[in-house]
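Quick notes on the structure that follows.
The values are calculated or read from the model by the stated rules, or taken from the named source; none is laboratory data. This is a predicted model, so every value here is computed, not measured. So basically every Cβ, Gly included, is an ideal-geometry build from the backbone, and we count neighbours across all protein chains shown. Remember, those area values only see protein heavy atoms, side chains included, never the ligands or the DNA or RNA. Shrake-Rupley method; radii C 1.70, N 1.55, O 1.52, S 1.80 Å.
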Amino acid sequence: MENFLFVVIIALCGLLLLLIGGVIWRQEKITLIHDYHYRKVKEEDKKAYTAVVGKGLMVMGAGVILSGVACALNREAWIGPALALAFVLGLGIICYGQFKYNHGIF
């Protein structure tokens, strides 16, 4: 497998996104998000906000891992679409949370 190092790096990056997203979501660690992204989030909305942001990051992480699997299976044509779809979907989820709970991106 000539792309072994690439697959390992991609898998580790995807796992890192999954881990950070899970910690933000499950443990409600809002401090892992830059403070200007949650300045306007009300105290009663912090649980919902961290859930949305964490899930968005986990979707991105799953897409990164999926693209690594596609590379490992020599399906290079699937890498770009898998990565793009996951990042667009994850970013959309995070932007939804930003606009709903923070009333804007910043």
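Leaving out ligands, DNA and RNA, and with a 1.4 Å probe, what % of the accessible surface on the stretch 50-106 is carbon or sulfur? Mind showing how you got there, number by number?
Working: 2340 of 2950 Å².
Solvent-exposed carbon and sulfur of the stretch 50-106 make up 79 percent of the total.
Would you tally the net charge around GLY22, using a Cβ to Cβ cut-off of less than 12 Å, leaving GLY22 out, and scoring K and R as +1, D and E as -1? Can you show the working numbers first?
Values: positive: ARG26, LYS29, LYS55; negative: GLU28.
For residues surrounding GLY22, the net value is +2.
Hey, what's the per residue convex hull volume over the C-alpha atoms of the chain, in cubic angstrom?
82 Å³
Pop out the carbon and sulfur fraction of the accessible area of the stretch 1-45 as a percent, whole number, probe 1.4 Å. Let's see the in-between values first.
Numbers: 2150 of 3460 Å².
Roughly 62 percent, rounded to a whole number.
Tell me, what is the per residue accessible area of the stretch 4-106 in Å², probe radius 1.4 Å?
Working: 6270 Å² over 103 residues.
For the stretch 4-106, the per-residue accessible area is 61 Å².
Could you work out [θ]222 nm for the chain from helices alone, using -39500 (n - 2.57) per DSSP H run of at least four and dividing by all its residues? Round to the nearest 500 deg cm²/dmol. Walk me through the numbers on the way to the answer.
Numbers: 3 runs with 72 residues, N = 106.
The per-residue figure over the chain is -24000 deg cm²/dmol.
Please determine, in degrees from 0 to 90 and to the nearest 10, the orientation of helix 4-26 with respect to the longest principal axis defined by the Cα atoms of the chain, where the helix direction is its Cα long axis.
The angle comes out near 20 degrees.
Post the alpha-carbon centroid distance, the stretch 3-44 to the stretch 63-106, in whole angstrom.
Result: 13 Å between the Cα centres.
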